[in-house]
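Reading through the structure tokens given below for one structure.
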Amino acid sequence: MTPGTLRDWHRRLVAKLWTYPNRPRGPAVAAGTTALVVPLPEEKSSWGYRPFQGELLRLGVRLAASTIARMVKDHGLSLAPRRSGSALR
């Protein structure tokens, strides 16, 4: 038996047994908040999730970027993808 074989067996075992079926989530998002988030991607399609998070924060609505991403995805919309790297390196 090689170390690679043992590693592969362990990886499959962990993948099969290590799941999170009941992943805890935060409180439900209010319908009024969803009404604020859903039209935003149509108005500002070049923005990412973080700028939308900042705009909502200005309105007094605190949401995680992942929550905004999930809401946008659930409504079949998309935002600008996250950029990798920086020009100022």
### Query
Going by the conditions given, is Gly26 under 16 Å from Arg70 (Cα atoms), within 15 Å of the chain's Cα centre (by Cα) and loosely packed, with under 10 Cβ neighbours inside 10 Å?
yes
### Task
Could you tell me whether Gly26 is in contact (Cβ under 8 Å) with a residue 40 or more places away in the chain, of a type in the set (Gly, Ala, Ser) and assigned to a loop (DSSP other than H, G, I, E, B)?
yes
### Query
Taking segment 37-55 on its own, how many of its residues are in a helix (DSSP H, G or I) and either under 18 Å from Ser78 (Cβ atoms) or among the hydroxyl-bearing types (Ser, Thr, Tyr) (or both)?
11
#### Entry: Where a residue in segment 45-69 is under 20 Å from Ala31 (Cβ atoms) and its partner, wherever it lies, is of a type outside the set (D, E, K, R) and in a loop (DSSP other than H, G, I, E, B), with Cβ under 6 Å and at least six apart
Leu56/Leu63
### Message
Here's a check for you: in segment 36-56, which residue that is at pLDDT below 85 and small (Gly, Ala, Ser) is nearest to the chain's Cα centre (by Cα)?
### Response
Gly48
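The values are calculated or read from the model by the stated rules, or taken from the named source; none is laboratory data. Here the structure is a predicted model, which means the values were calculated and not measured. FYI the Cβ positions are ideal-geometry reconstructions off the backbone, even for glycines, and counts take in every protein chain you see.
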